[in-house]
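These notes concern the structure reproduced below.
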Amino acid sequence: MRYSTSKTLKWTLVKQLSNLNFSISLLLIIAIVSILGTIIEQDKSIKYYQLNYPIQNNIANFVNWKTIMFYGINHIYTNWWFLCLLFIFFCSLITCTFSKQLPSLRNARNWKFMPYNQKNNHNTIILPLQSLTNIIYSLIINKYYVFQKADQVYGYKGLIGRIAPIFVHISLVMTLVGSIIGLFSGFTAQQMIPNKETFHIQNMIKSGLYSHIPYNTLGKIENFFIEYNTNNSIKQFYSQLTLMNNQGECLINKLISVNSPLKFHGLTFYQTAWNINALKIRLDNKIIQQPLKETTIGSTRIWIYTLKLKQDHSLFFIFNGLKDKISIYNSSGQLIKTIVEGETFKVKSHSITIVEIMTSTGIQIKTDPGIPVVYSGFFTLIISITISYLSYSQVWTKKNALNIEMKGITNRGQLSFEEELITLQKQYTEFTQAKNSQ
């Protein structure tokens, strides 16, 4: 009795998992949750959510920072309940494939000689002449696979259209598996690297449970520069990036820019941002290097550097980009000179040279081992969906005492199939008449 109850529960579970309505409902829930994850910013600090999703005293404000943190919506794609949804959907696809799709395909490949005493709604055509050979030939030239048993003929074509749903399931499983591989094995690092400096991969902003950081790979920014439009707006910014091993040997070198990353052994290096960090100045025979103060006027970024010559006398260096000249003001706010990088000038017996405008480039390093699997899944999905539109058609014929009865059925394209049956009838008639005239 206990065994029977356990078996019944298992079959009930399998039946529920393989139910099409259940799978579609689950897919819709996953889609809605994914959309929610694109609306609410992911992986931000708690202060960010407190600022942007404050608690208000009204019923409509159910999405606040406490709700977001409690349900884990701030990292929705790695949350346990979202992963559970993916796992249940994965099980649903696998169960449906093995319990319904594969048996359906196996059944479609069987020879089905129809008992002609049963009534059905199939398309029926009566052929007045009696020649099974000609009807077989007509089916073959229309690309049907034909089988004969005594005075009955069975033909089918478009079996690949019945295979397509299986590959749709396989492609969805591949996409899910690839996403999970990337989730647990991938990482994302974000770094601001000074120009001409060597760096290790660090400062992780996202990492999977089983992600691996390649410590035997070093990077170096050989050069960073900005390309400007004619109106002095930024057109593009570039970093000459070199990857090396621990012995300092060059592995690969590439000039990267926005939308033109460097890819190497599963690592992808993206150009994301840039900044001006400091101004290196030679004051007489002394090198001074200090950070700049950044501010914004409208939409324009401004960098300011203050150089104290005496207690009551300072110089202010102001510029808004690498292309613009540096404007120098005194303590009274008067413009005393405009210079470029590398130029020397004198103020009150002091010799001042702008040695270098020190910049840094923003590099994002990502690895996602699941991407090839996801891309393969999407490619398989596109192909299988296209193939699924092919009709699966079946034709039965039976030789009677005075005629041949032909019946047919298809799973889609009913009008086209009816035209095809008429074509089969015409071809059969032509072949038979030609044979009789000989």
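I need the phi-derived Karplus couplings for segment 82-95: 6.51 cos²θ - 1.76 cosθ + 1.60, θ = phi - 60°, integer Hz, Gly and Pro marked x.
After applying 6.51 cos²θ - 1.76 cosθ + 1.60, I find 6, 5, 5, 4, 4, 5, 5, 5, 4, 5, 5, 5, 5, 5 Hz.
Where both partners of a DSSP beta bridge lie in segment 276-361, what percent of those bridges are antiparallel, to the nearest 5?
100 percent
Looking only at A189, A164, A278, which one moves most when the chain is put into a Gaussian network model with springs between Cα atoms under 10 Å?
Greatest mean-square fluctuation among the candidates belongs to A278.
What does the net charge come to around H350 if you take all other residues with beta carbon closer than 11 Å to its beta carbon, with K and R at +1 and D and E at -1?
Summing Lys and Arg as +1 and Asp and Glu as -1 gives +4.
How about segment 311-414: which GluC sites (Glu not before Pro) there are in a DSSP loop, with at most 13 other Cβ atoms within 10 Å of their Cβ?
Numbers: sites: E341, E343, E356, E405; in loops: E341, E343.
Passing sites in segment 311-414 are E343.
Collect residues whose amide H, placed 1.01 Å from N in the peptide plane, falls under 5 Å from the amide H of Y392; neighbours closer than 5 in sequence don't count.
N411, R412
Would you kindly give the portion of the calculated P(r) for segment 217-374 that falls above 27 Å, as a percent of all Cα pairs? The partial results should precede the final answer.
On the way: 4937 of 12403 pairs.
Percent of Cα pairs beyond 27 Å in segment 217-374: 40.
Using the Cα centre as the reference, give the magnitude of the dipole from point charges on the C-beta atoms of the chain (Lys, Arg: +1; Asp, Glu: -1; all else neutral), rounded to the nearest 20 debye. Could the numbers behind the result be given before it?
Numbers: 41 positive and 20 negative charges, 193 e Å.
The calculation lands at about 920 debye.
Using amide H atoms built in the peptide plane, which far-off residues or other-chain residues are under 5 Å from G370 H to H?
For G370, the qualifying residues are G182.
In sequence order, what are the phi-derived ³J(HN,Hα) couplings for segment 221-238 according to the Karplus relation 6.51 cos²θ - 1.76 cosθ + 1.60 with θ = phi - 60°, rounded to whole Hz, with x for glycine and proline?
Rounded to whole hertz, the list is 8, 5, 6, 9, 8, 10, 9, 10, 7, 5, 8, 6, 7, 6, 8, 6, 10, 10.
Counting other beta carbons within 10 Å of each residue's own, what order do R301, R162 fall into, fewest first?
Fewest to most other Cβ atoms nearby, the residues stand as R301, R162.
Mind listing which chymotrypsin sites (Phe, Trp or Tyr not before Pro) in segment 298-389 are in a DSSP loop and have 12 or fewer other Cβ atoms within 10 Å?
Values: sites: W303, Y305, F316, F317, F319, Y329, F345, Y375, F378, F379, Y389; in loops: Y389.
Counting only loop positions with at most 12 other Cβ atoms within 10 Å, the chymotrypsin sites (Phe, Trp or Tyr not before Pro) in segment 298-389 are Y389.
Sort out for me the Cα centre separation of segment 86-100 from segment 275-309, rounded to whole Å.
61 Å
Considering only I125, T217, L172, whose Cα is most displaced toward the positive end of the charge dipole of segment 115-223, charges sitting on Cβ of Lys, Arg (+1) and Asp, Glu (-1)?
I125
Check S314: other-chain or 5+ apart residues with amide H under 5 Å from its amide H, H built from backbone geometry?
The list, which skips near neighbours in sequence, is L309, S331.
Is the chain rounded, prolate or oblate when judged by the Cα gyration tensor, a ≥ b ≥ c being the square roots of its eigenvalues, rounded requiring a/c under 1.5 and prolate requiring a/b larger than b/c? Before the final figure, lay out each step's value.
Details: a/c = 3.64, a/b = 2.58, b/c = 1.42.
Prolate.
Enumerate the calculated ³J(HN,Hα) couplings along segment 252-258 in order (Karplus 6.51 cos²θ - 1.76 cosθ + 1.60, θ = phi - 60°), each rounded to whole Hz, writing x wherever the residue is Gly or Pro.
After applying 6.51 cos²θ - 1.76 cosθ + 1.60, I find 6, 9, 7, 8, 9, 8, 4 Hz.
No value in this document is a laboratory result; all are computed from the given coordinates. Since the model is a prediction, treat every value here as computed from it, not as a measurement. We place every Cβ from the backbone using ideal geometry, glycine too, and count neighbours over all the protein chains shown.
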